[in-house]
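Worksheet: one structure, shown below.
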């Protein structure tokens, strides 16, 4: 007999790089610098996917989408997120709600939160009202404060589709 609810935490970081797009939560943010990564480097979607996989006690996204795999190069992180949701479904769970904190001095995140919530809600298969996104700075302290990159913490709550019967 399984757990009716599972909670998972995800954390991801990506450094800034020239010549790259800045995609956060599936939304392209206007910025002089983009985020460096093997995929589209969507730091928010990666943290969310890891929080879902963590709730299921599964390996992180690097297991499913290894940086050494050329077929994963430039992959849209919404596909990564949908894969995590698919793993939850396979194990008898669905995403109930998520909450995320984006830590960045720049670019400004607030003007894009509504669009991010809409994209993520579609990928997660949950209402926009169940997607929490907050943005904060690091008060110019540490690597985030020096604008070297962006970090995200994410938490996901999963619920069994049939209580008492999930894995």
(request) Search segment 130-158 for residues being surrounded by fewer than 16 Cβ atoms within 10 Å (Cβ to Cβ) and within 17 Å of the chain's Cα centre (by Cα), and hand back the single one that is nearest to residue 79 (Cα to Cα). (result) 132
(request) State which residue pairs qualify: first residue farther than 13 Å from residue 38 by Cα and inside segment 57-79, second residue assigned to a loop (DSSP other than H, G, I, E, B) in any location, beta carbons under 7 Å apart, and separation of 6 or more residues or different chains. (result) 78/26
(request) Go through the residues of segment 55-76 one by one and say whether even a single one is closer than 19 Å to residue 149 by Cα and either at pLDDT 95 or above or touching a helix residue (DSSP H, G or I) at 6+ places or on another chain (Cβ under 6 Å) (or both). (result) no
(request) Return a yes/no flag: does segment 85-94 have any residue that is surrounded by 15 or more Cβ atoms within 10 Å (Cβ to Cβ) and assigned to a strand (DSSP E or B). (result) yes
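Looking at 34, 8, can you tell me which residue is crowded, with 17+ Cβ neighbours inside 10 Å, touching a strand residue (DSSP E or B) at 6+ places or on another chain (Cβ under 8 Å) and within 18 Å of residue 158 (Cα to Cα)?
Every option except 8 fails the conditions.
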(request) Identify, from the list 134, 117, the residue that is in a helix (DSSP H, G or I), in contact with a strand residue (DSSP E or B) (Cβ under 6 Å, 6 or more places away or on another chain), in contact (Cβ under 8 Å) with a residue 24 or more places away in the chain and within 29 Å of residue 63 (Cβ to Cβ). (result) 117
(request) Kindly indicate the residue of segment 37-84 that is part of a loop (DSSP other than H, G, I, E, B) and in contact with a strand residue (DSSP E or B) (Cβ under 6 Å, 6 or more places away or on another chain) and also surrounded by the most Cβ atoms within 10 Å (Cβ to Cβ) among those meeting that condition. (result) 42
(request) Would you confirm whether any residue within segment 98-108 is closer than 12 Å to residue 157 by Cα, at pLDDT 95 or above and in a loop (DSSP other than H, G, I, E, B)? (result) no
(request) Could you tell me which numbered condition residue 139 fails, if it satisfies all but one of (1) touching a helix residue (DSSP H, G or I) at 6+ places or on another chain (Cβ under 7 Å); (2) outside any helix (DSSP H, G or I); (3) at pLDDT 95 or above? (result) (3)
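The values are calculated or read from the model by the stated rules, or taken from the named source; none is laboratory data. Predicted model only: the values in this text are computed from it and were never measured. Reconstructed Cβ throughout: ideal geometry from the backbone, glycine too, with neighbour counts over all protein chains shown.
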